[in-house]
Amino acid sequence: MIIESERFRSFEHAGWESIPDQYHQAFGNLTTQSVGSLLDAARVKRGVKFLDIASGPGYVAAAAAKRGATVLGIDFSSAMLTQAQLLHPGIDFRQGDAEQLPLGNGLFDAAAMNFGILHLGHPEKALVEAHRVLRPGGRFAFSVWCNPKETVGFNIVLRAVESHGEPHVELPEGPPFFRYSDPKECECSLIAAGFESPRVTKVSQVWRLSAGDGLFDAMNDSTVRTAGLLRAQSPSMLNKIRASMREQLKKYTKNDLVELPMPALIASGVKA
């Protein structure tokens, strides 16, 4: 597999520019569930200078500010930054690339990235950059999804595509989506970036969606890579995929609400 880092970056950037509100509506109640544990891992508290990398809608930045931290949120999508500023007025958000942060060395006491590392062409560069902008003793934490056997929402859509569609479609090749679902990979990557004392913990999360097509709509309208996979299917395949997803969801449905286990890993390290 040849990673097309620049094409992948452009693909991701175009995607996030077009879906900030859809993402907030579909994933906001899910991806915020790990924020407290993420900030705990980065030791964010009152008086800490904190950087939220790949801030997206600003959930982590806002939670850090509530703890009394001095906060800066960075994201490469101007549309996402607009969404973040609307949701969290008064917090400092700026445009910038996680792989090349427009910031000096050693400026922050803590930094974090909530599910952002999955959307980068060069995730290793982002880890090195996070290390660079921290002062000695500063802590960095990032969150990722657990493997698809545990993250039921992803498992359902991937199984449906595999059974009724074409899983190998022409999209810009990015790093494996579940690369960091392996705790050892998280630890090794943190060490390679210069961090010490890596630690990985698991956080339970539940994704609550409308029954029926709630999961299909969320994946199709509010993601980038998975949406690209779905939109590359033929109309007949897509209808079968949708029907398969609806059928698989039945055992997770109660009173018109779907509840899907979607655990996450939180990896952290300290700059010596």
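The values are calculated or read from the model by the stated rules, or taken from the named source; none is laboratory data. If you're wondering where the values come from, they're calculated on a predicted model, not measured in any experiment. Note: ideal-geometry Cβ built from the backbone for every residue, glycine included; neighbour counts use all protein chains shown. Ligands, DNA and RNA are stripped out before the accessible areas are found, and what is left, the full protein with its side chains, is counted by its heavy atoms. Shrake-Rupley method; radii C 1.70, N 1.55, O 1.52, S 1.80 Å.
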So for segment 204-272, using the alpha carbon gyration tensor with a ≥ b ≥ c as root eigenvalues (a/c under 1.5 gives rounded; past that, a/b versus b/c decides prolate or oblate), I'd call it oblate
Note, Leu101: beta-carbon cut-off 13 Å, +1 each Lys/Arg, -1 each Asp/Glu, net -2
Among the listed pairs Lys49/Lys202; Lys66/Lys202; Lys66/Lys184, which have their C-alpha atoms separated by more than 30 angstrom in this model?
Lys66/Lys184
Per residue, how many Å² of accessible area does segment 183-263 show with a 1.4 Å probe?
52 Å²
Here the gain from full extension of Ala272 to Arg231, 0.36 nm per residue of separation minus their alpha-carbon distance, amounts to 10.2 nm
Amide H within-cut-off set for Cys146, under 5 Å, with H built and near neighbours excluded
Ala264, Leu265
Heavy-atom accessible area per residue, segment 1-94, 1.4 Å probe: how many Å²?
44 Å²
Rounded, prolate or oblate: which fits the chain when a ≥ b ≥ c are the square roots of the eigenvalues of the alpha-carbon gyration tensor, with rounded for a/c under 1.5 and prolate only if a/b beats b/c?
prolate
Rank by packing, highest mean first: peptides 219-229, 58-68, with packing defined as the count of other Cβ atoms within 10 Å averaged across residues.
58-68, 219-229
For segment 52-172, which whole percent of the accessible surface, found with a 1.4 angstrom probe, sits on carbon and sulfur atoms?
51 percent
Checking the a/c ratio against 1.5 first, then a/b against b/c, what shape does the Cα gyration tensor give for segment 163-240?
oblate
Charge dipole of the chain about the Cα centre (unit charges at C-beta), most positive-ward option of Pro167, Ala110, Phe76:
Ala110
